[in-house]
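Note sheet for the following structure.
The values are calculated or read from the model by the stated rules, or taken from the named source; none is laboratory data. No experiment lies behind these values; they were computed from the predicted model shown. Here the Cβ positions follow ideal geometry from the backbone for every residue, glycine too, while neighbour counts run over all protein chains shown. The accessibility values were calculated without ligands, DNA or RNA, using every heavy atom of the protein model including side chains. Shrake-Rupley method; radii C 1.70, N 1.55, O 1.52, S 1.80 Å.
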Amino acid sequence: MALKFYCHVINNTYTPPPPPPQCCIGTGIGIGIGKSAVIRMCKVPCSMATSPQISLEKGNWVKLICGASFQDVVDIRNLSLVYTLAGVDCIDCAADVAVVNAVNEGINAATAMLPIRRPWVMISVNDDHDLHFRKAEFDPQDCPIDCSRPCQNICPANAISNQGVMTDRCYGCGRCFPVCPYDKIEALSYVRDAAATSKLLERDDVDALEIHTNGRQTASFKELWNDLGDSVNHLRLVAVSLPYVGDSTVSMMNQLYSIIEHNLCCLNLWQLDGRPMSGDIGRGATRESIAFARRLAFSNEKPPGFLQLAGGTNAHTVEGLKRLNLFQVPMISESRRCDSNALIGGIAYGGYARKIVGRVLSDIQAEDGGATATATAIEIESYPDHLLMALIQAFTLVGGVKSYK
């Protein structure tokens, strides 16, 4: 089985590969001449050398969210490979050594295939209890024999089986909690350790930090920031993720900024978390993130920092921003002069991005009868036809922001 993959540079933009012939899609027919041909088939280096900072300034920054609690290192490695090839600027993952290693392994595999720049690696932590930092748990022995197992059917991560919850795959979306007819499922919340986080931040292959906060108080945020100490000096970017909390949102952002600004030695970003962990549900899930961005974009009172959408983002997010004239539109200062930066720095894709590539990863396991998954870790580049299918999905999503020709 093989993969033929073309890269072109046109006006300093990356052109994704053409779709495979219709007869090849979904048939398992190999195309091209092999994985090793990837580099040889590149007539010129891929034009993905633009730095993540420039992407933020232009408004075409794209971040892949692996999930603050998602710890399936095989999927994370393959997701990182695919989305690095697709040109994301940042890969956000759990603040866990094994997960960070998996992200970097995927990035390294991608850059070994094609001469593209590395995305930044970001780790996510929380200052207090947060939806993104929890796991579902139940004892399968307590489940009635005749239960229809709606929890298993609704789980977007395929994290529930007859043996209970696969902890590494659960990312805390919470959809299983209300559907259990016997109320057997509990949420286990946790807070990331500041000392362990500091050690991760000192690694050469970690570039950014994201702190999730509830937007209603600053005490725990300040404590965490102080505990991180000088480890933040190693970073290229510090992001703060918060929900919309009404009229006090901008005031809270300013309070948070006042805490970090004195020892902030890098770029900063505000992640506008619209409807957390919902992008895979459907078109309407993105409305809250777009509405959040609309409220913040034109505020003259907000603190410095790039704005990035998250929480419900999916294939319809760019369309929604364009309708409101928020997509890659330059800022206008009080003097009415255009700023060089875009109003919205970019978009982070989580559940939706994982879903569209995850289907391909699931197909590999299904076609191998599950044997591969249990014997050895799946490396998607060993399945060129599937890699191509995953890349088409990833290019379509990332290209909507990057404006690939």
Discussion item. Give me the one-decimal nm value for the distance between modelled label points at LYS405 and CYS265, 7 Å along each residue's Cα-to-Cβ direction.
Written reply: 4.1 nm
Worksheet entry | Where labels lie 7 Å past Cα in the beta-carbon direction, separation of ARG323 and THR167 in nm | 4.3 nm
Item to complete: Order the peptides 79-86, 397-404, 296-303 from the highest to the lowest mean number of other Cβ atoms within 10 Å of their residues.
Response: 79-86, 397-404, 296-303
Worksheet entry | Apportionment of accessible area to carbon and sulfur, region 172-326, percent (1.4 Å) | 45 percent
Practice prompt. Within region 91-131, which residues have the backbone N less than 20 Å from the label spot 7 Å out from SER189 along Cα→beta-carbon, could you tell me?
Written response: 94-95, 124-131
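Write down the Kirkwood hydrodynamic radius of region 140-287, to one decimal in angstroms, obtained as one divided by the mean of 1/r over all alpha carbon pairs. Don't skip to the answer; put the middle values down first.
Values: mean 1/r = 0.0552 Å⁻¹.
This gives a value of 18.1 Å.
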Worksheet item: Can you flag which of LYS58/LYS222; LYS322/LYS405; LYS222/LYS402; LYS355/LYS405 are past 26 Å Cα-Cα?
Response: LYS58/LYS222; LYS222/LYS402
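For a quick protection proxy, order the peptides 322-328, 284-290 by their average other-Cβ count within 10 Å, most packed first.
284-290, 322-328
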Discussion item. If packing is taken as the average count of other Cβ atoms within 10 Å, what order do 95-104, 257-266 fall into, highest mean first?
Written reply: 95-104, 257-266
Worksheet, complete the sentence: Given a 1.4 Å probe, the accessible area of region 168-324 per residue, as a whole number of Å², is 45 Å²
Worksheet item: R0 = 35 Å: FRET efficiency of ASP139 with SER362, Cβ-based, nearest 0.05?
Response: 0.85
